Amino acid sequence: MRYLKRIFENDLYNQVDEQELKDFSETYLAYLLDDDNFKIEVVESVGWDSYTIWLCKDLKVIPGLVNPLIQPFKWNDIKDSYIPFVTMLSREYDLNDEKLPFRSSSIIINFVSGNKLFVTAAGVEDWDGRLGEFDTKLFNGNGIKEIGIVVKNTVKQ
């Protein structure tokens, strides 16, 4: 009886399973992962009590070069898959919009130039023209290095 009490008192049933989150992401971004050399990485952020789902392109390895090259991409390359993914993710999981530097932002865009942009998931449909403008005007037009979305480590109730 005391073992059952420990199990039911434990909060593990309210935590997100990292592998399920990765499977969910791979399912909704399958087109990108299959055709365009993109990859998904789910990283636990212990200090934020959350996970970050990173989308980036595979590094380009050139023989004789010690460090592989980053393969940048444009918003237009991913928007048709990424917008529905963000929409479905926000329905199934709680996005962590409390810990990032800008309140209510849950998405981090890292540009090749080294700059970052923090945006909200709520207006993802309206990003179409604006992200291209941000990249050209503010971030030297070098493209996006990676885009991440932060998910709380609790199951949505």
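Could you grab me the full set of residues in region 74-112 that are modelled with pLDDT under 80 and surrounded by 16 or more Cβ atoms within 10 Å (Cβ to Cβ)?
The answer is N96, D97, L100, S105.
Go through region 17-42 and give me each residue that's modelled with pLDDT of 80 or more, assigned to a loop (DSSP other than H, G, I, E, B) and touching a Lys or Arg at 6+ places or on another chain (Cβ under 9 Å).
N37
Among the residues of region 39-53 satisfying the criterion of being surrounded by 18 or more Cβ atoms within 10 Å (Cβ to Cβ) and of a type outside the set (A, V, I, L, M), which is nearest to the chain's Cα centre (by Cα)?
Checked region 39-53; the qualifying residue nearest to the chain's Cα centre (by Cα) is T52.
The values are calculated or read from the model by the stated rules, or taken from the named source; none is laboratory data. The model shown is predicted, which means the values in this text are computed figures rather than measured ones. Glycine gets a Cβ as well: all are built from the backbone with ideal geometry, and neighbour counts include every protein chain shown.
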